[in-house]
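K.L.:
One structure coming up, written as structure tokens, with questions to follow.
The values are calculated or read from the model by the stated rules, or taken from the named source; none is laboratory data. Note that the coordinates shown come from a computational prediction; the quantities given were computed from them, not determined experimentally. So basically every Cβ, Gly included, is an ideal-geometry build from the backbone, and we count neighbours across all protein chains shown.
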């Protein structure tokens, strides 16, 4: 549960029932990992948020104001995840954009999810989901509020030993996990799926791509993934998490994964402590 | 704006900021046209809502309670549209279904949209939208809260002379309008698109199918639509609205459309009065 929230800058825990974020999922969010008062990936979060607002024609929120509120909400928490939700606000009835939109922002701080040290050291078990992501280029890449596919995907399993699910598109191409992006080393080359037709272009993924500019962004088949020498997940909340198995296929934790975990530590994240 | 709202049975106009309806669009809605205290399509709304709840594994709300609240909220309004929103409620963080979901219901009454008498008599102008609906069989047919495609579609035009937009899927097949279903008479046969891969299976559409059991439900190409002898839209809020033009193609208002408008009057709707 959230420790404390700011809604349009005021302490509150409720939003207007007629907000378009609830009515239509008409908005965006960012989940930002903080270490004390530091958010190492902040500028990447703000870049994605502003680009997505422009794509959806939602007025871009003021980043300096968001930063003040993001620092304010988790005060006293040594580690936190701050979720920023930006919606198009209350509108007239119907899908048409309001002539004078008044976006709403919700800033909420949470304790980070519990991730066992063994997950970072030895990796997590992952399954392939049955659901296929629909292809919608006009929404691809954004962390928008239309997330029923992820809800249905995560509802496919309840075994707590399975940490994540791999999502493929309707052509069987690997896209991501349900709440993380996915990387694989295939024939010595670091690969991650292109996300121009579906999927969320994660902020941690962008950090990996910047740190490893030789990464190939393209098509990743399930067969190629099963034959990879190392596989890991990237998440702004959880960092770099090795995959130890995908269904019946096992993987070793590889050198690239270890290097990127070290890169995450160098950024200021403490992956083995506090989640 | 809503005249009055009930949230989980209590007069209120705000919802918890951590509700999954806002976080993920994790819920459903129904827009129900009332004539005084009568909702002619009520049982169809309840059937769709309960079937969709079962598909999304949201506990099915009590229909008798919904009916009491639906009657209560628009008290004193001779004509109204009541929107029932049902979400999975507040949950732990993350996509996983809460172990003990506590669904939330919002009942809000609105004045019906203004529809000119001429729209029912002579028809409305419609355009073909550029956006292509993504195909997701696991979500198709439901009136869920993930409606960004409709928001983007409706944002494609601002000309008030255009009443609606036709949505096609990625294969170019006609699916629906942005807020209505679509029927066409082609070679003397009443056709409406199949909605097993995308689109919302409207309650008014179900009423048309019951009234005209000879209707063919299947594939409708844009070419076939442009060559139709009559085209109309069905909506639980607006009723049966003839299409007078689709881009540069004109249509006459046909006999089938008139018969279904009469059927709507027989159900108790007064399409030419009060919207």
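K.L.:
Can you name the condition, by its number, that residue A:168 falls short on among (1) crowded, with 17+ Cβ neighbours inside 10 Å; (2) more than 12 Å from every other protein chain (Cβ to nearest Cβ); (3) touching a strand residue (DSSP E or B) at 6+ places or on another chain (Cβ under 6 Å); (4) in contact (Cβ under 8 Å) with a residue 60 or more places away in the chain?
P.N.:
(4)
K.L.:
Can you tell me which residues in segment B:235-257 are over 19 Å from residue B:187 (Cβ atoms) and not in a strand (DSSP E or B)?
P.N.:
B:236, B:237, B:238, B:247, B:248 - these are the residues of segment B:235-257 that are over 19 Å from residue B:187 (Cβ atoms) and not in a strand (DSSP E or B).
K.L.:
So for segment B:211-232 (the condition being closer than 22 Å to residue B:47 by Cβ, outside any strand (DSSP E or B) and out of contact with any strand residue (DSSP E or B) (no Cβ under 8 Å at 6 or more places or on another chain)), does at least one residue qualify?
P.N.:
For segment B:211-232, residues closer than 22 Å to residue B:47 by Cβ, outside any strand (DSSP E or B) and out of contact with any strand residue (DSSP E or B) (no Cβ under 8 Å at 6 or more places or on another chain): present.
K.L.:
For segment A:18-86, please list each of the helices (runs of 4 or more DSSP H) lying entirely inside it that holds at least 2 residues being away from chain B (no Cβ under 12 Å).
P.N.:
Answer list for segment A:18-86: A:42-56, A:63-72.
K.L.:
Scan segment A:124-139 residue by residue and report those that are crowded, with 21+ Cβ neighbours inside 10 Å, in contact with a helix residue (DSSP H, G or I) (Cβ under 8 Å, 6 or more places away or on another chain) and more than 10 Å from chain B (Cβ to nearest Cβ).
P.N.:
Hit for segment A:124-139 is A:129, nothing else.
K.L.:
Determine whether segment A:106-113 contains at least one residue that is on the phi < 0 side of the Ramachandran plot and without any contact (Cβ under 8 Å) to a residue 40 or more places away in the chain.
P.N.:
Among the residues of segment A:106-113, not one is on the phi < 0 side of the Ramachandran plot and without any contact (Cβ under 8 Å) to a residue 40 or more places away in the chain, which makes the answer no.
K.L.:
Taking the condition of being modelled with pLDDT of 95 or more, facing chain A (nearest Cβ under 10 Å) and surrounded by fewer than 22 Cβ atoms within 10 Å (Cβ to Cβ), how many residues in segment B:96-109 meet it?
P.N.:
Number of matching residues: 2.
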